[in-house]
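The values are calculated or read from the model by the stated rules, or taken from the named source; none is laboratory data. Model, not experiment: these values are computed from the prediction. Counting neighbours? That spans all protein chains shown, and the Cβs are built from the backbone with ideal geometry, glycine included.
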Amino acid sequence: MVEAAASGDHRAFETLVSKYERRVFAVALQLTRNGDLAQELTQEVFVRAWKALPRFQGGASFYTWVYRILKNLNIDRHRRNKRRASSEFNDDVGWRVSEVGVGYTARPEVDGVEHTHRGEMHKVLHKALAELSENHREILVLREVQDLSYEEIAEAMEIPKGTVMSRLFHARRKLKEQVVELVGEEAEDELLR
């Protein structure tokens, strides 16, 4: 599919976009915490991927390559924002969008009380994630949400596998500390299982 898209096959590229768009959007949403911005980044990722696809050599998986494009776009966004005196970022809007959609679907057999309880747990986890550094949040999303292997994360983030394992260890510890701070130790086990 990637080879066909690289040779100009629009349908093949559309298939790739359909396959990876939700995953890219989910990571963009976790990185930006803003639904509109995440959508813009997702679109820009695939525009850039289409333009650069003829130069894609296949040394990495397509998703890893697209993830690198997303990461670079996000870094550029941060640099631009640092130059601006004020930000129009609304953290609440981003999290509301996140809670509604990407990555979380209610199972039909879950009753209303359990569904509400899970919703509250997701809110606490989102709030705890928001308190982490971008590196820790990013590595948790790649491992726990996107389910990438250590090797894939190392390749995507362009860091050694040992650094991935170390950051992941520290990120999990920091997340646990944030959850305990938010809900207390008695609810921690339920949230972090």
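If you go through the stretch 36-70 and keep only what is over 17 Å from Val145 (Cα atoms), in a helix (DSSP H, G or I) and small (Gly, Ala, Ser), you end up with Ala49, Ala52.
Regarding the stretch 87-107, can at least one residue be identified that is at pLDDT 85 or above and on the phi < 0 side of the Ramachandran plot? No, that holds for no residue.
Looking across Arg55, Arg22, Arg48, Arg33, one residue alone is touching a Ser or Thr at 6+ places or on another chain (Cβ under 8 Å) and not hydrophobic (A, V, I, L, M, F, W, C). It is Arg33.
Scan the stretch 9-31 for residues that are without any contact (Cβ under 8 Å) to a residue 40 or more places away in the chain and not β-branched (Val, Ile, Thr) and the total you get is 8. When the stretch 152-182 is filtered for residues that are free of Cβ contacts under 8 Å to residues at least 12 places away in the same chain and either under 16 Å from the mean Cα position of the chain (by Cα) or assigned by TED's automatic domain parsing to the domain that holds Gly59 (or both), only Ala154 remains. How many residues does the stretch 17-31 hold that are touching a helix residue (DSSP H, G or I) at 6+ places or on another chain (Cβ under 8 Å), surrounded by fewer than 21 Cβ atoms within 10 Å (Cβ to Cβ) and not basic (Lys, Arg)? Counting residues in the stretch 17-31 that are touching a helix residue (DSSP H, G or I) at 6+ places or on another chain (Cβ under 8 Å), surrounded by fewer than 21 Cβ atoms within 10 Å (Cβ to Cβ) and not basic (Lys, Arg) gives 4.
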